[in-house]
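Notes for the one structure printed next.
The values are calculated or read from the model by the stated rules, or taken from the named source; none is laboratory data. Just so we're clear, the structure is a prediction, and the values are computed from it rather than from any experiment. Note that each Cβ is placed from the backbone with ideal geometry, even for glycine, and that neighbours are counted across all protein chains shown.
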Amino acid sequence: MKYLFSAAALLATATAHYTFPALIAGGSSTGTWSHVRKTANYQSNGPVTDVNSNAIRCYELAPGTPSQTYTVKAGDTVGFVAAASISHPGPLQFYLAKVPAGKTAADWDGSGNVWFKIYEQGATISSAGMSWGSQGKSQVTVQLPKSLPSGEYLFRVEHIGLHSASAAGGAQFYISCAQLKVTDGGNGTPGPLVSFPGAYSANDAGIKLNIYYPVPSSYTPPGPRPWAG
C-alpha cells in the first residue's frame with residue numbers, strides 16, 4: 001500500500017511547475033521581472049534538469065535581458081514571489097555572488113567560483129514520510145547576513161523538485177536570480193565559494209534519491225553548507 005500511495009503522490013505532482021518572477025524587499029514585492037532576470041521558463045514554467053548546463057546558474061532567457069538593481073541593507077529580509085506556488089516536494093536554497101570590480105549586477109553573468117549559500121531548508125522526516133517547509137508557499141524569504149560586505153550581488157533562489165528524482169536527471173531545478181545593491185555592510189568573508197555549473201553532480205545524494213519509499217532516514221541539500229555570516 002505504501003508503494004501505491006507513493007505512485008499516486010508522484011503522479012499528482014508531475015505536471016505542476018512554477019517560476020520566481022518577482023523580488024521581495026522592503027516588505028513588498030517588485031514588479032514581475034523588474035528586478036529578477038527573466039528566465040527561460042517564463043511562459044512554460046518548466047525546470048532545469050541538467051546540472052552541467054549554464055542554465056543551472058540563473059536560467060536566463062537570454063544574456064543581457066534587462067533588469068533593475070534593488071538597493072537593500074545588510075541584514076534586511078529579501079526573497080522571491082513563487083508563481084503560482086511551490087507545488088513540488090524538495091529543498092529550498094538561497095545563494096549570493098558578489099559582483100567583481102569593473103562589473104555591475106546588471107551586466108555580470110555570474111560565472112566563476114563566486115557563489116556562496118546563505119540558507120538551506122531540507123526535510124522533516126517521520127514514519128509518515130518527508131515533509132518540506134517550502135511546499136505550498138507563494139513567497140519565500142531569507143535574512144541577508146549582517147556581516148555581508150557592501151556591494152552589488154546576484155541573489156539566487158533555487159527550489160529542487162524531487163518527486164521524480166530516483167534516476168539521474170530526474171530532479172527538477174526552479175531557479176531565478178535577482179540583482180541587489182547591498183549597503184551598510186559588514187566585513188565578513190563569505191564562503192565556501194562554488195560555481196554554477198560545477199557545484200552539483202547529477203548523482204549527488206541530495207539530488208538523486210527516491211523520497212517516497214523506502215523513506216530516507218536523513219536528507220542533506222546539495223552544495224556547500226550555508227555561510228553563517
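Looking at the stretch 143-164, which of its residues are surrounded by fewer than 22 Cβ atoms within 10 Å (Cβ to Cβ) and either in contact with a helix residue (DSSP H, G or I) (Cβ under 7 Å, 6 or more places away or on another chain) or among the aliphatic types (A, V, I, L, M) (or both)? Correct list: S164 only. Pairing residues of the stretch 93-110 that are within 22 Å of P221 (Cβ to Cβ) and modelled with pLDDT of 95 or more with residues that are surrounded by fewer than 22 Cβ atoms within 10 Å (Cβ to Cβ) and among the hydroxyl-bearing types (S, T, Y), at Cβ distances under 8 Å and at least 6 apart in sequence or on separate chains, gives Q93/Y119; F94/Y119. When the residues of the stretch 200-229 are filtered to those that are of a type in the set (A, V, I, L, M, F, W, C) and either touching a Leu at 6+ places or on another chain (Cβ under 9 Å) or buried (at least 20 other Cβ atoms within 10 Å of the Cβ) (or both), the one that is nearest to V140 (Cα to Cα) is W227.
Under the condition of being within 19 Å of T19 (Cα to Cα) and not β-branched (V, I, T), the residues counted in the stretch 120-151 number 10. Considering the stretch 56-69, and only residues there that are surrounded by fewer than 22 Cβ atoms within 10 Å (Cβ to Cβ) and modelled with pLDDT of 95 or more, the residue that is nearest to T19 (Cα to Cα) turns out to be I56.
When S131 is tested against (1) surrounded by fewer than 17 Cβ atoms within 10 Å (Cβ to Cβ); (2) part of a loop (DSSP other than H, G, I, E, B), exactly one condition is not met: (2).
I'd like to verify a number: residues in the stretch 35-80 that are touching a Gly at 6+ places or on another chain (Cβ under 7 Å) and over 20 Å from I207 (Cβ atoms), how many? Summing the residues that are touching a Gly at 6+ places or on another chain (Cβ under 7 Å) and over 20 Å from I207 (Cβ atoms) in the stretch 35-80 gives 1.
Condition check for A105 on (1) surrounded by fewer than 22 Cβ atoms within 10 Å (Cβ to Cβ); (2) in contact with a Ser or Thr (Cβ under 7 Å, 6 or more places away or on another chain): one failure, at (1).
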